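Novice: One structure coming up, written as structure tokens, with questions to follow.
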Amino acid sequence: MKPLFATLPLVLAAACASPAPRPAETPAMAECRAEAERSPGAQAMFSRMNLDNVNNRDRVEREREQIVNRAYADCLTRRGIVRGGGVEPVRRSGF
């Protein structure tokens, strides 16, 4: 039992370690991010938002985030910049 307690601090320290640093954003990436924020689909989501309804606001913000991320990825692809990753994020259900 004693070796288990000896390794516990190492396991906890590894779990709390910070993730790998993200690469710096290039000017082209910053332009794509700004273009994605200005995309018509992202702007149209604001007209669908009901600030008095928390569920609606959360759902519309998630949908807008997906639209912005897709527009950002499309812009990077048009410019020939490869976006890292390759795994689509998990979409939370609205329930």
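Here, each number is a calculation from the coordinates, and none is a lab measurement. Since this is a predicted model, take the numbers as computed values, not measurements. No Cβ is skipped: glycine too gets one built from the backbone with ideal geometry, and neighbour counts run over all protein chains shown.
Novice: Sorted by packing (mean other beta-carbon atoms within 10 Å per residue), highest first, where do 58-71, 23-36 land?
Specialist: Details: 58-71: 16.1, 23-36: 12.8.
Put in order of decreasing packing, that is 58-71, 23-36.
Novice: May I pose another question? Using 0.36 nm per residue of separation minus the Cα-Cα distance, give me the extension gain between Gln43 and Ala28 in nm, one decimal. Please report the intermediate quantities before stating the final value.
Specialist: Working: separation 15, 0.36 × 15 = 5.40 nm, distance 2.15 nm.
Residue separation times 0.36 nm, minus the Cα-Cα distance, leaves 3.3 nm.
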